[in-house]
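Peer 1: My structure is below; once you've seen it, I'll send some questions.
The values are calculated or read from the model by the stated rules, or taken from the named source; none is laboratory data. Quick caveat, the model's predicted, so the values are computed rather than measured. With ideal geometry, Cβ positions are generated from the backbone for all residues, glycine too; neighbour counts draw on all protein chains shown. Only protein heavy atoms, including side chains, enter the accessible area calculation; ligands, DNA and RNA are left aside. Shrake-Rupley method; radii C 1.70, N 1.55, O 1.52, S 1.80 Å.
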Amino acid sequence: MLEQLKQEVYEANMQLPKFGLVTFTWGNASGIDRETGLFVIKPSGVEYEKLKAEDMVVVDLKGVKVEGKYNPSSDTATHAALYSRFPGIGGIVHTHSSWAASWAQAGRSIPCYGTTHADYIYGEVPCIRNLTKEEIEEAYERNTGILIADEFESQGINYEATPAALCKNHGPFTWGKNVLDAVHNAVVLEEVAKMAAYCETINPRNTSAPKEMQDKHYYRKHGEHAYYGQD
């Protein structure tokens, strides 16, 4: 079932340690098949070097396992909530990558200080509040996804233009048009998180890049009038 998607999700998960985004088993990637409403995700707690494509787990949007010999990732319910609320995405990545997780643990959104950030992520990367005690006890992972989606909706943030969020005291989630795009965004997020931290170290009074510059760099790569790259 969904063998091609399993292969893509496997390859995406294997890129996480390759790009230095995970230590041990601290991360997961998933991809969804919108026609069936099923998604494929990394199994929980299995070491990356032992993973194979056939080990990927198929689940539905309620987080119920449909196929697989292993239990799915403990973050499956978060992925399911995001897929349900963000219909334009095809893949999700969660890591505890050092720089992005540091901003999350500090409880700070990442300002757009330069064009590297603006090329890929529109505006700041929002840091989402902590879940309440009740939200944690009720359904921690599911409510994590709901909280991200609620914040984007309430703040009018376009989830396709801003494909990343930080969960306070936790870590980053990224998404994209497919699972490999979500990995790409996770790599970009880690780099801009590092740059922003260095930037504030060099100049603690620094301010965000001018909006006109942010707009120029984002829209020359995205949207109907984009002109970056080859046709």
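Peer 1: Considering only the stretch 13-69, state which residues are within 25 Å of residue 171 (Cα to Cα) and among the hydroxyl-bearing types (Ser, Thr, Tyr).
Peer 2: Within the stretch 13-69, 23, 25, 30, 44, 48 qualify.
Peer 1: Being touching an Asp or Glu at 6+ places or on another chain (Cβ under 8 Å) and in a loop (DSSP other than H, G, I, E, B) is the filter; apply it to the stretch 64-85 and report the residue that is surrounded by the fewest Cβ atoms within 10 Å (Cβ to Cβ).
Peer 2: 69
Peer 1: Sticking with this one: Output the residue which, of all residues in the stretch 154-186 that are outside any strand (DSSP E or B) and free of Cβ contacts under 8 Å to residues at least 60 places away in the same chain, is most open to solvent (accessible area, probe 1.4 Å).
Peer 2: Looking only at the stretch 154-186, we keep the residues that are outside any strand (DSSP E or B), and these are 154-163, 168-170, 177-186.
Checking the rest, the ones that are also free of Cβ contacts under 8 Å to residues at least 60 places away in the same chain come to 154-158, 162, 184.
Working: 154: 81, 155: 116, 156: 67, 157: 49, 158: 84, 162: 5, 184: 85 Å².
Taking the candidates together, the pick is 155.
Matching residues to (1) under 24 Å from residue 91 (Cβ atoms); (2) within 19 Å of the chain's Cα centre (by Cα):
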| position | (1), (2) |
| --- | --- |
| 185 | yes, yes |
| 188 | yes, yes |
| 191 | yes, yes |
| 197 | no, no |
| 202 | no, no |
| 205 | no, no |
| 214 | no, no |
| 219 | yes, no |
| 223 | yes, no |
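Peer 1: Search the stretch 37-54 for residues that are at positive phi and pair each with any residue that is surrounded by 11 or more Cβ atoms within 10 Å (Cβ to Cβ) and not charged (D, E, K, R) when their beta-carbon atoms are under 9 Å apart and the residues are at least 6 apart or on different chains.
Peer 2: From residues that are at positive phi, the pairs are 37/61; 37/83; 45/25; 45/70; 45/71; 45/73; 45/74.
Peer 1: Still on this model: Given the options 54, 8, name the one that is modelled with pLDDT of 95 or more, in a helix (DSSP H, G or I) and touching a Gly at 6+ places or on another chain (Cβ under 7 Å).
Peer 2: 8
Peer 1: Another question, then. Find the residue count for the stretch 96-137, including only residues that are hydroxyl-bearing (Ser, Thr, Tyr) and touching a Leu at 6+ places or on another chain (Cβ under 8 Å).
Peer 2: The number of residues fulfilling the criteria is 2.
Peer 1: Additional query: Restricting the stretch 2-26 to residues that are on the phi > 0 side of the Ramachandran plot and touching a residue at least 24 places away in the same chain (Cβ under 8 Å), which is least open to solvent (accessible area, probe 1.4 Å)?
Peer 2: Among those that are on the phi > 0 side of the Ramachandran plot and touching a residue at least 24 places away in the same chain (Cβ under 8 Å), it is 2.
Peer 1: Among the numbered conditions (1) among the aromatic types (Phe, Trp, Tyr); (2) touching a residue at least 12 places away in the same chain (Cβ under 8 Å); (3) open to solvent by 60 Å² or more (accessible area, probe 1.4 Å), tell me where residue 218 comes up short.
Peer 2: Checking residue 218 against (1) among the aromatic types (Phe, Trp, Tyr); (2) touching a residue at least 12 places away in the same chain (Cβ under 8 Å); (3) open to solvent by 60 Å² or more (accessible area, probe 1.4 Å), the one that fails is (3).
Peer 1: Moving on to the next point. Looking only at the stretch 188-231, count every residue that is in a loop (DSSP other than H, G, I, E, B) and closer than 13 Å to residue 114 by Cα and tell me the total.
Peer 2: Selection size over the stretch 188-231: 5.
Peer 1: Kindly indicate the residue of the stretch 38-53 that is touching a Ser or Thr at 6+ places or on another chain (Cβ under 9 Å) and farther than 16 Å from residue 17 by Cβ and also most open to solvent (accessible area, probe 1.4 Å) among those meeting that condition. First the steps, then the outcome.
Peer 2: From the stretch 38-53, those touching a Ser or Thr at 6+ places or on another chain (Cβ under 9 Å) are 39-48; that's our starting set.
Cutting the leftovers down to farther than 16 Å from residue 17 by Cβ gives us 39-41, 44.
Values: 39: 0, 40: 0, 41: 0, 44: 57 Å².
Among those residues, the one meeting the criterion is 44.
Peer 1: Any idea which of 148, 128, 110 is open to solvent by less than 40 Å² (accessible area, probe 1.4 Å) and either under 23 Å from residue 9 (Cβ atoms) or of a type in the set (Lys, Arg) (or both)? Let's see the steps before the verdict.
Peer 2: Numbers: 128 fails: either under 23 Å from residue 9 (Cβ atoms) or of a type in the set (Lys, Arg) (or both); 110 fails: either under 23 Å from residue 9 (Cβ atoms) or of a type in the set (Lys, Arg) (or both).
It is 148.
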